[in-house]
1. Provide the gained length on full extension for the span R23 to D277, in nm with one decimal, where the gain is 0.36 nm per separating residue minus the Cα-Cα distance.
2. Considering only the other residues whose Cβ falls under 14 Å of the Cβ of A13, what net charge follows from Lys and Arg at +1 and Asp and Glu at -1?
3. Given H placed on each backbone N at 1.01 Å, which residues far from G258 in sequence or on other chains put an amide H within less than 5 Å of it?
4. Full extension from S65 to S241: what is 0.36 nm times the residue separation minus their Cα-Cα distance, to one decimal in nm?
5. What full-extension length gain, to one decimal in nm, is calculated for T57 and A103 as 0.36 nm per residue of separation minus the Cα-Cα distance?
6. Could you give each residue of segment 66-72 its phi-based ³J(HN,Hα) in whole Hz, using Karplus coefficients 6.51, -1.76, 1.60 with θ = phi - 60°, and x for Gly or Pro?
7. Per residue of segment 80-86, in order, report the coupling 6.51 cos²θ - 1.76 cosθ + 1.60 (Karplus, θ = phi - 60°) as ³J(HN,Hα) in whole Hz, putting x for Gly and Pro.
8. If you find the alpha carbon centre of segment 21-72 and of segment 241-259, how far apart are they in angstrom?
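Please treat every number below as a calculation from the coordinates, not as lab data. Values in this document were obtained by computation on a predicted structure and should not be read as measured data. Positions of Cβ are generated from backbone atoms using ideal geometry, with glycine treated the same way; all protein chains shown enter the neighbour counts.
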Amino acid sequence: MAPPTTPHIDDPALEGGDWLFRRAGEVFGPVDSRTLAAMLYRGDIDATTPVSPGDGTWRPVGEVSAFVVHSKKAEAALRVEREVTGARLLQARKHRRHAALVAAAAMLLVAGGVGGGFLLWKLRAGGSRSELLEDFGAGISLASAVKVGVGSGARQTGDDYVEVALDADARAATPPGAPDAARERSRSAQSPAVASRRPASGAVEGGELVAAQFDVAKIQQVVAREQRTLAPCFRAEADRSPEFRGDVPLEFAIGNDGRVAALWIDEPRFRDGPLRDCILAQLRAWSFPSFPGQRPTVQLAFRIGR
C-alpha cells in the first residue's frame, strides 16, 4: 500500500524539538517535532510508539500534548485510507472475477455454438429422414424408407411367392387355377361391401385396375413397430459371415388376413438359407389389419456395415 500523502502541518506547537522514538526494539532519532508528526500521518509510527525528548523518559507519542491532536487525525486518515484501499482491492478482485466469468461464458458460447450448430445440422439432416428409419446398433440400420405398393417387380416375376389363401366364400366362387387378379375380382363381386369401402390412405405405387382397400398408414405403423425384430437375423448372418456387408433389399406380400404371405430378397446370396428362413419366420409373426381387395407389397432395405 502506498503511504498516504503527508498533509501540510501548520502547527506552531511543532516548531523545534528533538525526539527519539523506539520501533521494533530499536531507538531512532533524534528528529524534530514536525518530522515526528509527519511520520504519524504516513503510518511510520502510531500513537503507541514510545518517544523521548532525550532526558531518559519515554511515553507514547499519543500522550504527548504536542502530538495528541495529530495522533488522532493521523489514525482517522489512515483508517479511511485503509478502507478506501480495501474497497479498491475488493472492486479490483470483483472486476477480475467478472472478467474471468465473461471469458468462461464466451468460451462456453463458442463451444455451445459449435455443438449447437452440429446438433442443428443433425436435426436438420434427421428431419429429412423418414420416421421409419432406425439404427439398430452393431452396424445394422435401415437403408431406405419403407414403401407400400402393389404390382411390384417381385410380384411380376413370381420369385419366391406363394399363393395367398382366400376365405371360403371366395374359394367357392373362383375356379381353381384362376389367376390372382381374376380371383380378386371374383372376391370383390362376391362381397359388395368391398366396392363401397374407402380407398386406402396415402399414395399407392403401381397401377393395376383392382381396388386397393388396405390402409398404407396402418401398414407403415406395423412395420415401424416390428422392423427391429429382423435385426437379430442380420446379426446372426454377420456372425456366420464376417465379410457380410452392404444393403439387403426385402419385399414381402401381405395377405388379406393381415399376415405376411411371401418373401422375396433381392440378393442372390440370400434367396435361400438361414438368413431368409429367419427373416420369413419373423415376418410371419407380424400382424397387419385385415382387408379385402388388392394385396399390398412392402419394400424395405437393411444396411449392414457403416
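1. 81.2 nm
2. Net charge around A13: -2.
3. F291
4. Details: separation 176, 0.36 × 176 = 63.36 nm, distance 10.76 nm.
Additional length available on full extension: 52.6 nm.
5. On the way: separation 46, 0.36 × 46 = 16.56 nm, distance 6.20 nm.
Answer, rounded to one decimal: 10.4 nm.
6. 5, 10, 4, 5, 5, 4, 5
7. With the stated coefficients, segment 80-86 comes to 4, 5, 5, 5, 5, 5, x Hz.
8. About 104 Å separates the Cα centre of segment 21-72 from the one of segment 241-259.
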